[in-house]
Amino acid sequence: MLTPLYQLAIEPHGAAARLLLPVWVDLADSFWRRLRGLLDETVLPPDRGLLLTPCNQIHTVGMGFSIDALYLDGQGVIVDMDEALPPGRLGRRRSGAWSTLELAAGTASRLALQKGHRLRFTPA
């Protein structure tokens, strides 16, 4: 199971306030941790996620569940999204993305996340 290191927060378009979201995020910032990703997980709970950095392209080969993938620039702004990306797929490289946040399928819609929203990661 993932060990959450950060709580996800959002800064909607032009908003001055930060809104904490009920999602806890683990960090994959080494080659081996990014390579392993979520492959060891049998399910990704709706309150958990994995931030891969640096990362502008992902795959779901070998995974047993669909995910939402949010591609973030260096400032944490969502530049693109894949919602409900099924297992066994290779995503396309996202220009302008510095990191990728993998969430349980349906989380982006449930939390109304959109391109242009800035995400922040608050230490747990």
Determine whether the stretch 114-123 contains at least one residue that is closer than 18 Å to E11 by Cβ, at pLDDT 95 or above and in contact with a helix residue (DSSP H, G or I) (Cβ under 9 Å, 6 or more places away or on another chain). no
Taking only pairs six or more apart or across chains, which ones have beta-carbon atoms under 6 Å, a first residue in the stretch 102-124 that is at negative phi and β-branched (V, I, T), and a second residue that is at pLDDT 95 or above and in a strand (DSSP E or B)? T107/D68
Among the residues of the stretch 77-108, how many are among the hydroxyl-bearing types (S, T, Y) and closer than 17 Å to A28 by Cβ? 2
Taking the conditions exactly as written (in contact with a Ser or Thr (Cβ under 7 Å, 6 or more places away or on another chain) and among the acidic types (D, E)), does D40 satisfy them or not? no
Test E83 against the criterion of being buried (at least 21 other Cβ atoms within 10 Å of the Cβ) and among the charged types (D, E, K, R), and give yes or no. no
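A quick yes/no check of all residues on (1) closer than 16 Å to L113 by Cα; (2) surrounded by fewer than 18 Cβ atoms within 10 Å (Cβ to Cβ); (3) out of contact with any Lys or Arg (no Cβ under 6 Å at 6 or more places or on another chain); (4) among the hydrophobic types (A, V, I, L, M, F, W, C):
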site: G49; (1), (2), (3), (4): yes, no, yes, no
site: Q57; (1), (2), (3), (4): no, yes, no, no
site: T60; (1), (2), (3), (4): no, no, no, no
site: I67; (1), (2), (3), (4): yes, no, yes, yes
site: G74; (1), (2), (3), (4): no, yes, yes, no
site: P87; (1), (2), (3), (4): no, yes, yes, no
Hey, among L5, L21, L39, which residue is exposed (fewer than 13 other Cβ atoms within 10 Å of the Cβ), at pLDDT below 95 and farther than 17 Å from W98 by Cβ? L39
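The values are calculated or read from the model by the stated rules, or taken from the named source; none is laboratory data. Given the structure is predicted, the values throughout are model-derived calculations rather than measurements. Every residue, glycine among them, receives a Cβ derived from its backbone with ideal geometry; neighbour counts consider all protein chains shown.
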